[in-house]
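Below: the structure, in structure tokens.
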Amino acid sequence: MNEYDFALHFKLADHKADPSIYEDRLFEAGCDDALLGIGQSGYIGLEFIRSSNSAIEAVCSAIENVKSVIPDAELYYISPDVVGIPEIATIMNCTRQNILKLKNSHIDTFPFPINSDGKSLNWHLAEVLKWYQSTGKNIDTALLEVSEFAMQFNLEKQNQNLNGDRNLKEKARALVC
């Protein structure tokens, strides 16, 4: 069994409800391996360290635990997924300067950022970890597994929230292929 470190972010149906009302019930429902984040009214976050045979099993069991207490909560984001230079440096146990040096010295192979506002760059963690592994470096495979699942969920969620115009989707898909 591996330990998987991930966070689930939910939007509550009753956005005025105090999320702390769920704390004891979540613990009793199996979320005793999670830290509860209740900083914003109408939202709840849980950061898990869960032992399981796979990342999918760990994440899905955690979602089931939460949904058993708050069935109308909407899961809107799973992390870790989108990261910047500081997060990558922390994960790889080095400095931000080392990550920038890696990125700049491997410009042909380093993953494309998913956005750049001129001040910061962000990547999907799974893509960075796979690239790093391809260079012969050791990575935390449990982190890779959970970040791949998080990325897939988040991309599916974004796609679900997009305008349903089939023509736009087909044109965009043609550009990607």
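Ignoring lysines fewer than eight residues from K137 along the same chain, the ones with Cα atoms less than 17 angstrom from its Cα are K101, K103. Close amide H pairs (under 5 Å, H built 1.01 Å from N) link Y77 with H9, residues at least 5 positions away or on another chain. What is the percent of Cα-Cα separations in region 1-47 that go past 17 Å? When all Cα pairs of region 1-47 are counted, 33 percent exceed 17 Å.
Largest first and in whole Å, what are the equivalent-ellipsoid semi-axes of the chain based on the Cα gyration tensor, each being the root of 5 times an eigenvalue? Please report the intermediate quantities before stating the final value.
On the way: eigenvalues 185, 98, 48 Å².
After diagonalising the Cα gyration tensor, the semi-axes are 30, 22, 15 Å.
Here K171 is the anchor, and the lysines within straight C-alpha reach of less than 23 Å, apart from those fewer than 8 places off in the same chain, are K157. Between S51 and L35, the contour length at 0.36 nm per residue exceeds the Cα-Cα span by 4.3 nm.
Convex hull over the alpha-carbon atoms of region 1-81: what's its volume per residue in Å³? List each step's numbers first, then the result.
Values: hull volume 6.3 nm³, N = 81.
Output value, Cα hull per residue: 78 Å³.
When every alpha-carbon pair in region 25-65 is counted, what percent end up more than 11 Å apart? Spell out each step's value before the answer.
Details: 536 of 820 pairs.
Of all Cα-Cα distances in region 25-65, 65 percent exceed 11 Å.
Accessible area per residue was computed with a 1.4 Å probe on protein heavy atoms; H124 scores about 20 Å².
Using DSSP to define loop residues, name the trypsin sites (Lys or Arg not before Pro) in region 40-139 whose beta-carbon has at most 11 other beta-carbon atoms within 10 Å.
Working: sites: R50, K67, R96, K101, K103, K119, K130, K137; in loops: K119, K137.
Answer by residue number: K119, K137.
Remark: the chain carries a charge dipole of roughly 940 debye about the Cα centre, counting +1 on each Lys and Arg Cβ and -1 on each Asp and Glu Cβ.
Report relative contact order for the chain in percent, whole number only (criteria: Cα-Cα under 8 Å, sequence separation at least 6).
Details: 238 pairs, mean separation 41.6, N = 177.
Relative contact order here is 23 percent.
What you get for region 1-89, charging only the Cβ of Lys and Arg (+1) and of Asp and Glu (-1), is a dipole of about 200 debye around the Cα centre. For region 66-163, the residue among V82, Q97, S134 whose Cα projects farthest onto the positive side of the dipole built from Cβ charges is Q97. Descending by average beta-carbon neighbour count within 10 Å, the peptides 34-44, 140-150 line up as 140-150, 34-44, the highest first. Specify the residue with the greatest mean-square fluctuation among I70, I21, I49, computed from a Gaussian network of the chain linking alpha-carbon atoms under 10 Å apart. Maximum among the listed residues: I21. Axis angle, to the nearest 10 degrees, between helix 125-134 and the longest C-alpha principal axis of the chain: 40 degrees. Computed from label points 7 Å out along Cα-Cβ, the spacing between T90 and I107 is 3.0 nm. For region 128-177, the Kirkwood radius over C-alpha pairs fed into Stokes-Einstein at 37 °C and 0.692 mPa s yields D = 249 µm² per second.
The values are calculated or read from the model by the stated rules, or taken from the named source; none is laboratory data. Computed from a predicted structure; not experimentally measured. Cβ coordinates were reconstructed from backbone atoms using ideal geometry, including for glycine residues, and neighbour counts include every protein chain displayed. Heavy atoms of the whole protein, side chains included, go into the accessibility calculation; ligands, DNA and RNA do not. Shrake-Rupley method; radii C 1.70, N 1.55, O 1.52, S 1.80 Å.
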